[in-house]
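Peer 1: This is the structure, below, for whatever I ask next.
Here, each number is a calculation from the coordinates, and none is a lab measurement. All values derive from a computational prediction rather than experimental measurement. Cβ coordinates were reconstructed from backbone atoms using ideal geometry, including for glycine residues, and neighbour counts include every protein chain displayed.
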Amino acid sequence: MMVLNNALGGSMSSRLFQVIREQRGLAYSVYSFNSAYKDTGSLGIYAGTGSSQAKSVLALILEELSKVKNHGITEQEFTRSRGQLRGSYILGNESPGARMNAIGKNKLLYGTVRSEEEVIKDIESVTLERVNELAEKILVTDNMAVAVVGKTEGLREELKSLTQ
């Protein structure tokens with residue numbers, strides 16, 4: 001899930017950032033994030049944009065989600081995403097506070113402390129096929145919800161039509 005999230009919207013080289021911000025200039029900020037739990041989780045997407053661009057931004061988000069669901073991420077996106085996760089993990093563990101949090105989280109979630117080598121091995125064991133199978137399984141429009149904060153006059157029906 002972390003590899004998929006990173007490729008979709010977890011970095012400046014991600015699909016959503018490139019299409020919505022860099023190519024179209026429709027949002028100052030756009031990213032995805034995930035929360036994982038023992039038997040469930042969520043994938044969220046945030047876009048900071050003006051009300052006049054909201055419909056276009058949502059349409060582009062849905063278009064990219066559909067592309068990833070139906071065709072998967074590319075080998076290049078996969079390799080870049082996995083490498084970024086590995087590098088972020090290594091750099092993130094350099095501070096004592098971050099290392100302390102990682103140890104506590106591992107103890108709570110796994111009942112043991114996983115070594116840096118084990119975590120990197122897990123990242124490296126992820127395959128493009130597994131990521132694309134996950135994308136096909138979870139990127140289902142029926143499971144999605146949209147929240148709009150700000151000036152929403154006239155947007156409700158337009159946005160609703162995009163998600164049906």
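Peer 1: Which longest run of the chain has no exposed loop site in it, a site being GluC sites (Glu not before Pro) in a DSSP loop with at most 14 other beta carbons within 10 Å, and the site itself not part of the run?
Peer 2: 1-93
Peer 1: What does the charge add up to near E77, with Lys and Arg as +1, Asp and Glu as -1, over the other residues with Cβ less than 13 Å from its Cβ?
Peer 2: Computed value for this residue: +2.
Peer 1: Mind checking the angle between helix 128-138 and the chain's longest principal axis? C-alpha axes, 0 to 90 degrees, to the nearest 10.
Peer 2: Relative to the chain, helix 128-138 is tipped by roughly 50 degrees.
Peer 1: When only alpha-carbon atoms are used, what values of Rg and Dmax, in angstrom, describe the chain?
Peer 2: 17.5, 52
Peer 1: Only loop residues by DSSP count here, and only those with at most 14 other Cβ atoms within 10 Å; note down the trypsin sites (Lys or Arg not before Pro) in region 6-108 that meet that.
Peer 2: In loop regions of region 6-108 (DSSP not H, G, I, E or B), the sparsely surrounded trypsin sites (Lys or Arg not before Pro) are R24, K38.
Peer 1: Helix-only mean residue ellipticity at 222 nm, the chain, DSSP H runs n ≥ 4 weighted -39,500 (n - 2.57), per residue, nearest 500. What is it?
Peer 2: Only helices count here, giving -17000 deg cm²/dmol.
Peer 1: Summing +1 for each Lys or Arg and -1 for each Asp or Glu, what net charge is found among the other residues whose Cβ lies under 12 Å from the Cβ of Y31?
Peer 2: +2
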